[in-house]
Ligand code: SF4
């Protein structure tokens, strides 16, 4: 049988022949991940299962990134549980404090994920690693605990929606705009139980970081994974991070797709997802008069160095509107340091930004930028559910780093070419 | 047999609506339950009695992988959720935690907010005592039933690990 990327990767990790979508496949996992919100529950389930050791000390990764630096006593207690579990299990990869960053930016940077891997994480944006051609998907804490104990899990082989994107994108149109456009077209449930597979010349031209931004939001279309073939760029990215033995990986010619979608990247403006769902997507021009109180640049979607460079290019030598709080959170300590070296942080601070630590922070309404009732935020994050960033009466618009930076300057949502 | 009142909610009810992030500083089912649906409507929990059902539109449980969402529902006394459809991670989590999900498609239209229902899981039948409508549904898939019968995934893995050399 000709395999899609999803089927092909699953096949590598199971003894059963994968012959049809919908089939249940028990697969060995390459890596299991959890964070300071989900790992405490995973540890609880792990012990309740009667497990005493993880399947492989090098393949269970715990990152305390959501409410850290610990925002209150309760979150400090949770991180303590995670730390103690990591120690009890003798884990090689436990990250906290100055070693921690937003998990989905951190793991690729550390070379912990790569093409052909199966990664399960107790975090829905685990799908980010699809940008590196890993079958990576989010699960709950107890599923993660089972994978930590057994080194395997079950999957229903997903049917695949193939998305071909061609053409040269206009200035300021990046990975975020492409994926928002896809979500706008297929809806928040459009890829429910399914795999998304991306290809086409616009994808070939896109950076590995841009691909991770896109894969990150596969879940916002309900998808199980968002996969990109591993090409020379992928291999270069992985080997620069110390990985060895990775190889090219592409879907088979003649693989069967449930549905195909073709998008002309050249026709797109920067995209914005309006409240309160990520599929409420419009071109930036249609959101022009939306006044904002806050702009957030960061997260596992758009907190990488490339995103910070895009934002800095827009902000350079300018000042954020006096009514806007601009918050920049580089996603990992490595990105932070790089941004410092390149002088990007200075540009942000000169623009009036608060530059914060590598944390999820306000993305999930945790801390460091919570919205009051009636407030509006433009964010480079991935979810704009009602109340996601604070008050139930606040509103979040999702956009790429160029639009977020430009909007911070203007005080309202605006095309980055207009500032 | 399960019986209770129906509480109707809309489509795409996300995990931030079911249990907002600010309440994720505990793993305690009771505490989570006390704040169930705070992201949809503050004080929602006051209307719910143990054993009541949620009847939702499409894609119930979309968003994060937080297992705290099914736990919050269980903590609120909800044992069964009926919906047009469910989000994938939530679906898996719910059965792992012992929360029963029934995908009933357009059957939700025959249920009004506050209606009293009787649900026979084995027969695959919902009786709406308010209007007398009978709504059949596909029984829970066998693989999911197996996990439910073992009290969730914890019991399932425990039995597997018992057979392993230490
Ligand atoms: S940055 Fe936001 S979406 Fe990403 S892992 Fe953190 S909370 Fe989740």
Seminar exercise, completed: Percent antiparallel among DSSP beta bridges confined to the protein assembly as shown, rounded to 5, stands at 30
Problem set entry | For peptides A:205-218, A:57-70, sequence by mean Cβ density within 10 Å, most packed first | A:205-218, A:57-70
Exercise. Over chain B, what relative contact order in percent results from Cα pairs under 8 Å that are six or more residues apart?
Worked result: 22
Exercise. Among bridges DSSP assigns within segment A:5-263, what percent are antiparallel (round to 5)?
Worked result: 20
Exercise. Nearest-5 percent of antiparallel DSSP beta bridges in segment A:273-418?
Worked result: 15
For this session: Run the quick spin-label model on residue B:122 and residue A:80: label points 7 Å from Cα toward the beta carbon, then report their separation in nm to one decimal.
Result: 4.7
For this session: With a 10 Å radius around each residue's Cβ, average the other Cβ atoms per peptide and rank A:317-330, A:244-257, highest first.
Result: A:317-330, A:244-257
For this session: Using a 10 Å cut-off on Cβ to Cβ distances, tally the other chain neighbours for every residue of A:188-195 and report the average as a whole number.
Result: 4
Seminar exercise, completed: Checked the protein assembly as shown with the C-alpha gyration tensor, a ≥ b ≥ c its square-rooted eigenvalues, rounded below a/c of 1.5, otherwise prolate if a/b is larger than b/c and oblate if not; verdict rounded
Exercise. Using a basic spin-label model with each label point 7 Å from the Cα along Cα→Cβ, how many nm lie between residue A:92 and residue A:73?
Worked result: 3.9
Exercise. Remind me, relative contact order of chain A in percent, using alpha carbon pairs under 8 angstrom and six or more residues apart?
Worked result: 17
Problem set entry | segment A:29-98: relative contact order in percent, alpha carbon pairs under 8 Å with at least 6 residues between | 41
Exercise. How many angstrom separate the Cα center of segment B:23-40 from the Cα center of segment A:256-327?
Worked result: 32
Exercise. Which whole-angstrom value gives the distance between the alpha carbon centres of segment A:170-201 and segment A:31-97?
Worked result: 32
For this session: Count, for each residue of B:67-75, the Cβ atoms from other chains sitting within 10 Å of its Cβ, then give me the mean as a whole number.
Result: 3
Problem set entry | Alpha carbon centroid spacing (whole Å) that separates segment A:225-246 from segment B:86-114 | 39
For this session: Take peptides A:8-15, B:52-59, A:91-98 and line them up by average Cβ neighbours within 10 Å, highest first, as a rough protection proxy.
Result: B:52-59, A:8-15, A:91-98
For this session: Take every residue in peptide B:21-33, count the Cβ atoms of other chains within 10 Å of its Cβ, and give the average of those counts.
Result: 5
For this session: Set the Förster distance to 60 Å, then compute FRET efficiency between residue A:319 and residue B:28 from the Cβ-Cβ distance, nearest 0.05.
Result: 0.80
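Every number in this text was worked out from the coordinates using simple rules, so none of it is lab data. Note that the coordinates shown come from a computational prediction; the quantities given were computed from them, not determined experimentally. Neighbour counts are summed over all protein chains in view; Cβ atoms, including those assigned to glycine, are modelled from backbone coordinates with ideal geometry.
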